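To keep things clear, I will list the structure first and then write my remarks on it.
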Amino acid sequence: MVLSGLVLSGCTETPAPLPLPPTTAVPPPPTIPQPSSTAPPAGPTLTTSPVPAESAATTPAFQELRATLELFSREKLDEGASAVLIKAKVGRQEWTLAEGVRTREEQAAVQPGDHFPVGDQFRTLLAVSVMKLVEEGRLGLDDSVTAYLPGSLTAGSPVTIRQLLGDSADVPAADLAAGAPPDADALLGRVVEQLRGAPLGAVLRTDVLAPLNLQATEFLTENSTVPDDVVHGYVHLEGETVDVTDTGLPGGIANGGLVSTVEDISIFQAALLKGQLLSPEGLIAMKGTVFADYGLGLDHWDDRCTNGFYYGHAGDIPGYGSIAISSADGNRQLSIFLAYPPQPVSPQPSALALEMTGVAQVALNSGCRFQFR
């Protein structure tokens, strides 16, 4: 069904007509102190950094979005999460929340610009670098991986670049050559490095970080120095609460990965969806088909405000969860970073990651007044 000429949005308001000029001088109204937008500390050890509201006027729909996310933050902190960072944007309305502590040991209040490991959100940036090679004609999505990395997979393996960019994070064991990494992103990174003749971190900076001036986003390798302001994550290991920042757990930050901020991730998602990084054809390929569960390095969820899709990615690694989700035009955005309550390390996705994804959809859908059911 096509709705021609109909715009459904809770983010715009009809401006009030200008008042007639008074015939006599009217004294200015008294200044009324405005309430602080900073929430009270969640407890004696979980402090809230002062984060002023970035929009002077907010719609009722945006206020509902904020209330949903503030409740989520309080609940997670009460359950033992050490930090929650959130940035929401609907049109010209923006709001940022930072609650909790950077480390449990030092109890320093977390700040909106603190670094955070984003886990599998890295896949979207990597996919941009892959798609740029496709647009240049140096790589084909349906090419075999072994055409670029001989010996990485078994002889005659049918695994293609497109399959590595799909929703499977691991390569089938039957296709792996001895000593090859099972991680699809690791193989894709090698392909990019092979074709560019440069380390993956340098390629990402050229393709994404530098053009968008994302100075707070870094690709860490195993020997990289972790930023001082990184939010620390914790897990339960052998009956003790362990800081994963200095622990070489599989998939943990000590092994490298992408660290960013809620601001940088939001800028990246908006730029990608507004067509600032890829051609229209490249972006369409990343989004995937309407009936696909996952695109190429890009996930999607139902957008009840437009009857279309939100696009973005979730991240779930030991100690941390995150999600960045945006409307198709990049006009409505939400990024959530959560330092999990300590829990045992598991190869399965965290239930908290699934909960966070659901909350993100509910909150962003609440940012418009009209919804498709």
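The values are calculated or read from the model by the stated rules, or taken from the named source; none is laboratory data. A quick note: this is a predicted structure, and the numbers were derived from the prediction, not measured. Here Cβ is always computed from backbone atoms with ideal geometry, including for glycine, and neighbour counts include all displayed protein chains. Surface areas here come from the heavy atoms of the whole protein model, side chains and all, with no ligands, DNA or RNA. Shrake-Rupley method; radii C 1.70, N 1.55, O 1.52, S 1.80 Å.
Overview of values
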quantity: Hits among lysines - C-alpha to C-alpha of LYS132 under 20 Å, sequence gap 8 or more where chains match; calculated: LYS274, LYS287
quantity: Stokes-Einstein diffusion coefficient of segment 223-365, Kirkwood radius over Cα pairs, 37 °C, 0.692 mPa s, in µm²/s; calculated: 200 µm²/s
quantity: For VAL235, net neighbour charge (Lys/Arg +1, Asp/Glu -1) across residues whose Cβ lies under 14 Å away; calculated: -4
quantity: Those aspartates and glutamates that a straight Cα-Cα span of less than 14 Å connects to LYS89, excepting residues fewer than 8 apart in one chain; calculated: GLU54, GLU64, GLU263, ASP264, ASP329
quantity: Reference-scaled alpha-carbon Rg (2.2 N^0.38 Å with N residues) for segment 146-235; calculated: 1.29
quantity: Solvent-accessible area, 1.4 Å probe, carbon plus sulfur percent, for segment 77-218; calculated: 49 percent
quantity: Value of relative contact order over segment 157-198, rounded to a whole percent, pairs C-alpha under 8 Å and six or more apart; calculated: 36 percent
quantity: Cut-off under 5 Å, modelled amide H: who pairs with THR154 long-range; calculated: LEU176, ALA177
quantity: For segment 179-307: accessible area per residue (Å², 1.4 Å); calculated: 46 Å²
